[in-house]
Each structure stands twice: as structure tokens, then as C-alpha cells.
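Engineer: Here it is: the structure, laid out below.
The values are calculated or read from the model by the stated rules, or taken from the named source; none is laboratory data. Please read all numbers here as calculations on a predicted model, not as lab measurements. Note: ideal-geometry Cβ built from the backbone for every residue, glycine included; neighbour counts use all protein chains shown. Ligands, DNA and RNA are stripped out before the accessible areas are found, and what is left, the full protein with its side chains, is counted by its heavy atoms. Shrake-Rupley method; radii C 1.70, N 1.55, O 1.52, S 1.80 Å.
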Amino acid sequence: AFSGSTSIIIGSCTGSRDPLFQQLYSINSWGKNYGIAPFKNRKYIFRVLAQENNTIIKLNGAVISTLNKGQFYESLTSIEGAIVSADKLISVAQYSLTQACSSVTGSSIIGDPEMVLLNPIEFNIKNITVFSSNRNAIQEKYVNVFMKSAKISTFRLNGSIPTVSWIPMPADP
């Protein structure tokens, strides 16, 4: 299944509209725990979708909502990392906002809105291949990685150890 729109604004401001489509995960791959890594210099929101009635949703350990099957919780805008958990299976999507209201500083920032379906912590993977095209004048590219702090030394990007500082998740360093 796919989700999205042919013309959408994500965020509370206007000024840009874009198509947004994403293939959804099947419900047998949903989990109970998700880490949200913030986008570089961008605000985001997230949505949590419940698979069962009376699903208790927590953000960084604090209860934020109880949802029934098919209902979703939408967060306020944020720039911080977070841990979303539930007592039953959920799906979590993270959205970068529309270009006109995405910048953390309020200045102009280039970039389309995006919906990223997050992988549950229970289904972490050990190896992944990412392709990023050089077409369409994309000027900046970023990769968000959520992993155990004890495994940072094993991470490689194009076969090399990245020369960036890792940022611990505030709710679960």
C-alpha cells in the first residue's frame, strides 16, 4: 500500500506544495519501540498509527496518548531526537516540513517535504545499502543513523569511519 498526496503542505505555513508518496510497511513489520533522529537543520513532526484498540503511546517514557485501531497521534514540531514506544504494535512516520516552514532558524531552506517510515528498534538491521542520485541538482545529502552507542565503532560509510560527532538520544543515551 502507498500513502500520500499529489499536492500537500506539511506544517502550519504556506508557500510551497509538493507531491508526497511513500510505500507503507505491512503490519507484520510494525513494532513497539522507535527512535526518531532529527533532520539536519529542519523541523519535523511524527505520527503514530495504532494497530489495536487501547494502544498506550509514550514519548521518552511519558504517556502522550491512547489510540484505537486506525487512529493516529500527531506531534508538535520538534528538532530533538526522541523515543516513541507503545504497549501494542504501532507504525511511526517522521515528516520533514514544507520548505517554507522547515528551517530551525526561520531562514530560507531548500528542500521538499518528506515522509520517512521508521523501522522499529526490534527490527534493527546490520547492513544496508543506500543509493543517492546526483541528478536533479540536489545540493546536500544526509543520512540519519539510529544505533546502539556501544556499536558506533562498527559503523562505516562507503567503507570508512565517518568523521562526525555522534549525538546520543536524550531519552536513551
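Engineer: Tell me, which residue of the range 27-59 that is of a type outside the set (D, E, K, R) and open to solvent by 70 Å² or more (accessible area, probe 1.4 Å) is modelled with the lowest pLDDT?
Structural biologist: Among those residues, the one meeting the criterion is Asn41.
Engineer: Moving on. Which condition breaks for Ser65 when tested against (1) farther than 22 Å from Ile109 by Cβ; (2) free of Cβ contacts under 8 Å to residues at least 24 places away in the same chain; (3) open to solvent by 40 Å² or more (accessible area, probe 1.4 Å)?
Structural biologist: Among (1) farther than 22 Å from Ile109 by Cβ; (2) free of Cβ contacts under 8 Å to residues at least 24 places away in the same chain; (3) open to solvent by 40 Å² or more (accessible area, probe 1.4 Å), Ser65 violates only (3).
Engineer: Scan the range 134-158 and report the pairs whose first residue is free of Cβ contacts under 8 Å to residues at least 24 places away in the same chain and closer than 21 Å to Ser96 by Cα and whose second residue is of a type outside the set (D, E, K, R) and not in a loop (DSSP other than H, G, I, E, B), with Cβ atoms within less than 8 Å and a gap of 6+ or a chain change.
Structural biologist: Pairs that qualify, where the first residue is free of Cβ contacts under 8 Å to residues at least 24 places away in the same chain and closer than 21 Å to Ser96 by Cα and the partner is of a type outside the set (D, E, K, R) and not in a loop (DSSP other than H, G, I, E, B), are Val143/Leu157.
Engineer: For Asn68, which of the numbered conditions (1) on the phi > 0 side of the Ramachandran plot; (2) modelled with pLDDT of 90 or more fails to hold?
Structural biologist: If we test Asn68 against (1) on the phi > 0 side of the Ramachandran plot; (2) modelled with pLDDT of 90 or more, just (1) comes out false.
Engineer: Return yes when Asn144 is within 27 Å of Asn54 (Cβ to Cβ) and either in a strand (DSSP E or B) or out of contact with any strand residue (DSSP E or B) (no Cβ under 7 Å at 6 or more places or on another chain) (or both) and no when it is not.
Structural biologist: no
Engineer: Another one. Of everything in the range 69-88 that's in a strand (DSSP E or B) and under 26 Å from Pro173 (Cβ atoms), which residue is most open to solvent (accessible area, probe 1.4 Å)?
Structural biologist: Looking at the filtered set, the residue picked out is Asp87.
Engineer: Taking the range 91-126, which residues are touching an Asp or Glu at 6+ places or on another chain (Cβ under 6 Å) and under 21 Å from Asn33 (Cα atoms)?
Structural biologist: Within the range 91-126, Ser96 is the sole residue that qualifies.
Engineer: Same structure, new question: So Pro19 ticks every box in (1) farther than 20 Å from Gly81 by Cα; (2) open to solvent by 40 Å² or more (accessible area, probe 1.4 Å); (3) touching an Asp or Glu at 6+ places or on another chain (Cβ under 8 Å) but one. Which box is left unticked?
Structural biologist: (3)
Engineer: To continue, here is another question. Return yes when Ser91 is open to solvent by less than 50 Å² (accessible area, probe 1.4 Å), farther than 22 Å from Ile10 by Cα and touching a residue at least 24 places away in the same chain (Cβ under 8 Å) and no when it is not.
Structural biologist: no
Engineer: Moving to a separate point now. Picking from Ile152, Ile161, Ile138, which residue would you name as being at pLDDT 80 or above, aliphatic (A, V, I, L, M) and either more than 23 Å from Ile83 (Cβ to Cβ) or open to solvent by 70 Å² or more (accessible area, probe 1.4 Å) (or both)?
Structural biologist: The match here is Ile161.
Engineer: On the basis of being under 14 Å from the mean Cα position of the chain (by Cα) and either in contact (Cβ under 8 Å) with a residue 40 or more places away in the chain or in a strand (DSSP E or B) (or both), does Ile56 make the cut?
Structural biologist: The answer is no for Ile56.
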